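S.K.: I am attaching a structure below and will ask some questions about it afterwards.
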Amino acid sequence: MRYSWILFDADGTLFDYDRAESTALERTFSHNGHRFQPDDLAAYRRINHQIWLEFERGELTQDRLQIRRFEQLFDEVGLTGDAGDFSDRYLRHLGGVPDLLDGAEKLIRDLRGRVGLALITNGLAQVQRPRLAASSISDCFDPVLISEEIGLAKPDPRIFEFAFERMGSPARGEVLIVGDSLSSDIRGGNNYGIDTCWYNPAGKEPDPEVEVSYDVRVLSEIESLVEGGA
């Protein structure tokens with residue numbers, strides 16, 4: 001095997017975050033007596049993307065992130081109510097949708113026992129822990145590293161240092177990070193000096209400032225990379 005450890009991101013890499021997000025928002029809107037519209041989802045995704053970039057740059061705390069995105073959404077789409085309460089309910093709904101992306105379960109099951117598998121996510125513990133526990137791959141990762149619990153987030157190299165300690169300090173050349181985010185997963189791998197695999201199902205253009213070792217469109221391609229294929 002080319003690698004002895006694989007660090008997997010969670011949302012958008014293994015878990016179908018788009019589906020979970022849409023389902024959780026619709027349920028939360030309904031509970032608050034608001035009809036959920038496609039434009040609401042588009043607005044939230046745009047706001048949430050920007051908020052997470054601010055968090056990754058260290059400009060925003062994770063606690064503030066959770067509420068600020070809904071304050072902005074309320075202003076944009078005309079919702080009323082308490083953004084903190086809305087956020088709490090949304091996160092509970094989000095944690096209850098453990099759907100995986102196509103091919104994720106097979107990939108993880110095929111790799112389990114052949115390489116070490118770790119999960120490293122910038123997500124929130126109250127969302128990630130129940131989703132992982134309810135999923136069909138709940139028993140496949142050790143360690144599971146959640147930024148909120150550690151106090152560090154990708155792309156900060158210190159979260160990778162923490163992960164490597166939990167993994168028994170493997171050589172950096174033996175570890176691959178797999179993720180869908182150039183700004184957190186791939187840049188984080190660059191910052192720590194490990195190989196990177198960008199899960200890029202939409203075929204997006206790469207960022208010339210971020211070094212991508214592998215660019216894959218489907219999860220099944222990852223197994224051959226781990227085995228040493230080109």
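S.K.: Taking the Cβ of each residue in Met1, Met167 as the centre, tally the other Cβ atoms inside 10 Å and list the residues starting with the fewest.
M.R.: Neighbour counts put them in this order, fewest first: Met1, Met167.
S.K.: For the stretch 17-94, what's the relative contact order in percent, using C-alpha pairs closer than 8 Å and at least 6 residues apart?
M.R.: It rounds to 40 percent for the stretch 17-94.
S.K.: Next question, about the same structure. What order do you get for Asp99, Asp139 when you list them from fewest to most C-beta neighbours inside 10 Å?
M.R.: Asp139, Asp99
S.K.: Report the one residue of Gly173, Thr23, Gly78 whose Cα lies farthest in the direction of the positive end of the charge dipole of the chain (charges on C-beta: Lys and Arg +1, Asp and Glu -1; origin at the Cα centre).
M.R.: Sorting the options by dipole projection puts first Thr23.
S.K.: Rank by packing, highest mean first: peptides 103-115, 170-182, 84-96, with packing defined as the count of other Cβ atoms within 10 Å averaged across residues.
M.R.: Listed from highest to lowest mean packing, they are 170-182, 84-96, 103-115.
S.K.: What does the charge dipole of the stretch 17-94 about its Cα centre add up to, to the nearest 20 debye, if the Cβ of each Lys and Arg holds +1 and the Cβ of each Asp and Glu holds -1?
M.R.: The dipole magnitude comes to about 200 debye.
S.K.: Also: Jot down the radius of gyration and Dmax of the chain, Cα atoms only, both in angstrom.
M.R.: Computed over the Cα atoms of the chain, radius of gyration and Dmax are 17.7, 54 Å.
S.K.: Enumerate the calculated ³J(HN,Hα) couplings along the stretch 170-186 in order (Karplus 6.51 cos²θ - 1.76 cosθ + 1.60, θ = phi - 60°), each rounded to whole Hz, writing x wherever the residue is Gly or Pro.
M.R.: Karplus values, whole Hz, x for Gly and Pro: x, 5, 4, x, 9, 10, 10, 9, 10, x, 9, 9, 5, 6, 10, 5, 6.
S.K.: Hey, another quick one. If I model a spin label at Arg112 and Arg45 as a point 7 Å from the Cα along the Cα→Cβ vector, what separation in nanometres do I get?
M.R.: Between Arg112 and Arg45, the simple spin-label model gives 3.1 nm.
S.K.: Let me ask something else about it. Please arrange Phe15, Phe74 by how many other C-beta atoms lie within 10 Å of their C-beta, fewest to most.
M.R.: Phe74, Phe15
S.K.: Oh, and also: Nearest 10 degrees, 0 to 90: what angle lies between the long axis of helix 38-56 and the longest principal axis of the chain (Cα atoms)?
M.R.: Taking Cα atoms only, the helix is inclined about 50 degrees.
S.K.: Provide the per-residue ³J(HN,Hα) series for the stretch 118-134, in order, calculated from phi with Karplus coefficients 6.51, -1.76, 1.60 and θ = phi - 60°, each as a whole number of Hz, with x at glycine and proline positions.
M.R.: 10, 10, 9, 9, 8, x, 8, 4, 5, 9, 6, 4, x, 5, 5, 4, 8
S.K.: Please list, in order along the stretch 76-93, the HN-Hα scalar couplings obtained from phi with the Karplus expression 6.51 cos²θ - 1.76 cosθ + 1.60 (θ = phi - 60°), rounded to whole Hz, x for Gly and Pro.
M.R.: 7, 9, x, 7, 10, x, 8, 5, x, 5, 4, 4, 4, 5, 4, 5, 5, 5
Taken together, the values in this text are just the output of simple stated rules run on the coordinates, not laboratory data. Because the structure is predicted, anything quoted here is derived from the model rather than measured. Note that we place each Cβ from the backbone using ideal geometry, even for glycine, and neighbour counts take in every protein chain shown.
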